[in-house]
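What follows is a short report on a single structure.
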Amino acid sequence: MKKSALQTARAAYQPKLPVALTGAVVAVEGQPTQSVADQEDIKKLFPNTYGLPELRFEKNPNPTVGKPVNVGVILSGGQAPGGHNVISGLFDGIKKINKESKLYGFLMGPGGLIDHNYVELTSDIIDEYRNTGGFDIIGSGRTKLEKEDQFDKGLEILKKLGITALVIIGGDDSNTNAAVLAEYYKKIGAGVQVIGCPKTIDGDLKNEVVEASFGFDTATKVYSELIGNIQRDCFSAKKYWHFIKLMGRSASHIALECALQTQPNVCIISEEVEAKNQTLQDVVNYIADIVAARAAQGNNFGTVLIPEGLIEFIPAMKVLIAELNDLLAHHPEFATKTREEQRQFVLDNLSKESAEVYASLPEGVARQLTLDRDPHGNVQVSLIETEKLLSEMVGNRLNELADQGKYNGKFSPLHHFFGYEGRCAAPSNFDADYCYALGYNAANLIAAGVTGYLSSLRNLTKPSVQWLAGGIPITMMFNMERRHGQMKPVIQKALVRLDGTPFQKFASKRDKWALSTEYVFPGPIQYFGPAEVCDQPTMTLQYEALDK
Ligand code: FBP
């Protein structure tokens, strides 16, 4: 494949490993761990992998040559910048332990393990992908690896290839399943270790022991560049309101980080909407009031950031969606009805409150809510055009304000959705270093003989050479949650904390940003140049470090 000039230059970038990982390491055990909640239940479900100690790697003054190891790797879920560096770090790490070690990549996600589709990753292949974005080296997929017959099927190919360790690169669900797999293989004496790596642009796999998931840094920098560009355009032309939806299927970390970087006029945070029990109309009124106040100053332009998951955080919408899921699951004949019949059917069968909410929605959006269920029968919220829904409702509200003599402006909205633009970007220096170190560190966890651990690097606001490397027992992050009607052990998803410094900083500034235009233009990610331009971690990470 033809390479761009940046790709060629970037291929030579040497990720900066933490000092502890630059030579042979020794694993130092911490205290035994406990899950964050529901300890008794989780201990019972994970008798072989519960309560293990945290590990920290330190330089080994008496290095020995390790045994060769065959390792499998899987990319799971949505793409995130840096995945290729996790794999190249893992490759270099196992070769460092013993140069006869081999790495196999399972193709197109966990499905590759179950269906026995794989490729051996040689140095020629790895070298093509160092410091590049994307997951295309082996592809990714969303097949859930959660049933014992899948585990057994996977074990057949692992045995055939002599693989004794599997690295799963994924988000909260994939790492939850990695822990279940680790427990199962341990229980049956399969002789296969399972190690996880924290991935997701959404930034919602983090907690007391995991500071950040990889990909969030690069993705938010790409979106912030685009938002900054739009802000400069709208500040120049002074005639459009830009409604910008940002990925993040659940938590609003991406929207919040982009707001901190770019200082838009409005940014909605789903977690706050839920905490304040706001209705969709409350959110609309909030935006419309800012549009009207700016218009009164002669400013008929602005930017509004909207997190992708907003709809599901609005309590009344949540109830409506749950009722719709239920209704459609029990009425397969719904699909055969005409549009008018479908609308009437929904209105006739919802509770009174939900029917009112449904009726108040613009027709197109109401219809979207009854389409495109995922395999679990849920609405795919990312397909709902929340940015259009809000701008349409804001337009209606402004008409009302105009009738009351409270608004005399011009409202011309434009719409954007930023998600895929950032998921495969060339990793920032932070993500390039972080991912390479996560993979390299996973090799050390394999050499340490452990299973059910997440590769961990901490101290991430410091230069990468100062990061602390180790391993976290995945069960330590577990609690019990109801999923599809059943209580299950899962890694707690990290939502935006309203008492955390990132949100507090934003909340203390947003009224000012709403009225006096104070846009910041971050510009594109820089890969070469001074550290203050190239190596800055996200503002979320920097502010969260203050909370520790
Ligand atoms: P992961 O949780 O798997 O990392 O994926 C995150 C994400 O990028 C969300 O922000 C988005 O809602 C979703 O993936 C879209 O996924 P897909 O492209 O598979 O529809």
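Miscellaneous remarks
- When residues of segment 507-548 are limited to those that are assigned to a loop (DSSP other than H, G, I, E, B) and without any contact (Cβ under 8 Å) to a residue 60 or more places away in the chain, the one nearest to residue 421 (Cα to Cα): 526
- Residue within segment 256-265 that is more than 16 Å from the ligand (Cβ to nearest atom), at pLDDT 95 or above and in contact with an Asp or Glu (Cβ under 6 Å, 6 or more places away or on another chain) present: yes
- Among all residues of segment 346-358, there is at least one that is hydrophobic (A, V, I, L, M, F, W, C) and open to solvent by less than 10 Å² (accessible area, probe 1.4 Å).
- Extreme residue, least open to solvent (accessible area, probe 1.4 Å), among residues of segment 240-254 that are over 29 Å from residue 292 (Cβ atoms) and assigned to a loop (DSSP other than H, G, I, E, B): 251
- Residue check: residue 277 meets all listed conditions (1) over 30 Å from residue 475 (Cβ atoms); (2) out of contact with any Gly (no Cβ under 6 Å at 6 or more places or on another chain); (3) within 16 Å of the ligand (Cβ to nearest atom) but one, namely (3).
- Filter pass, residue 170 being within 13 Å of the chain's Cα centre (by Cα), open to solvent by less than 20 Å² (accessible area, probe 1.4 Å), within 16 Å of residue 477 (Cβ to Cβ) and of a type outside the set (D, E, K, R): yes
- Considering residues of segment 174-199 that are in contact with a strand residue (DSSP E or B) (Cβ under 7 Å, 6 or more places away or on another chain) and among the polar types (S, T, N, Q) only, the residue nearest to the ligand (Cβ to nearest atom): 174
- Scanning segment 200-218 for residues that are more than 8 Å from the ligand (Cβ to nearest atom), open to solvent by 10 Å² or more (accessible area, probe 1.4 Å) and of a type in the set (Asp, Glu) yields 208, 211.
- Here 390, 398, 305, 320 are screened, and the one residue that is at pLDDT 90 or above, within 16 Å of the ligand (Cβ to nearest atom) and crowded, with 19+ Cβ neighbours inside 10 Å is 305.
- Once segment 460-492 is narrowed to residues that are of a type in the set (Val, Ile, Thr) and surrounded by fewer than 24 Cβ atoms within 10 Å (Cβ to Cβ), the residue that is nearest to residue 35 (Cα to Cα) is 490.
- A single entry from 253, 242 fulfils the requirement of being in contact (Cβ under 8 Å) with a residue 40 or more places away in the chain and under 28 Å from residue 490 (Cα atoms): 253.
- Filtered residue count, segment 11-62, keeping only those that are part of a helix (DSSP H, G or I) and farther than 17 Å from residue 92 by Cα: 7
- When residues of segment 80-130 are limited to those that are more than 25 Å from residue 151 (Cβ to Cβ), polar (S, T, N, Q) and surrounded by fewer than 24 Cβ atoms within 10 Å (Cβ to Cβ), the one farthest from the ligand (Cβ to nearest atom): 98
- When restricted to residues that are closer than 13 Å to residue 72 by Cβ and open to solvent by 40 Å² or more (accessible area, probe 1.4 Å), segment 146-161 contains 3.
- Of all residues in segment 131-145, those that are open to solvent by less than 50 Å² (accessible area, probe 1.4 Å) and either touching a Pro at 6+ places or on another chain (Cβ under 6 Å) or in a loop (DSSP other than H, G, I, E, B) (or both) total 10.
- Scanning segment 65-79 for residues that are more than 16 Å from the ligand (Cβ to nearest atom), modelled with pLDDT of 95 or more and open to solvent by 10 Å² or more (accessible area, probe 1.4 Å) returns 68, 69, 70.
- Whenever a residue of segment 162-185 is in contact (Cβ under 8 Å) with a residue 24 or more places away in the chain and in a strand (DSSP E or B), its partners that are more than 16 Å from the ligand (Cβ to nearest atom) and polar (S, T, N, Q), lying with C-beta atoms within less than 6 angstrom and at least six residues away or across chains, give the pairs 163/70; 165/193.
- Residue within segment 370-391 that is more than 20 Å from residue 75 (Cβ to Cβ) and basic (Lys, Arg) present: yes
The values are calculated or read from the model by the stated rules, or taken from the named source; none is laboratory data. Please read these numbers as outputs of a predicted model, since none were measured by experiment. For neighbour counting, all protein chains shown are included, and Cβ atoms are generated from backbone atoms with ideal geometry for every residue, glycine included. SASA here: full protein model, heavy atoms, side chains in, ligands and nucleic acids out. Shrake-Rupley method; radii C 1.70, N 1.55, O 1.52, S 1.80 Å.
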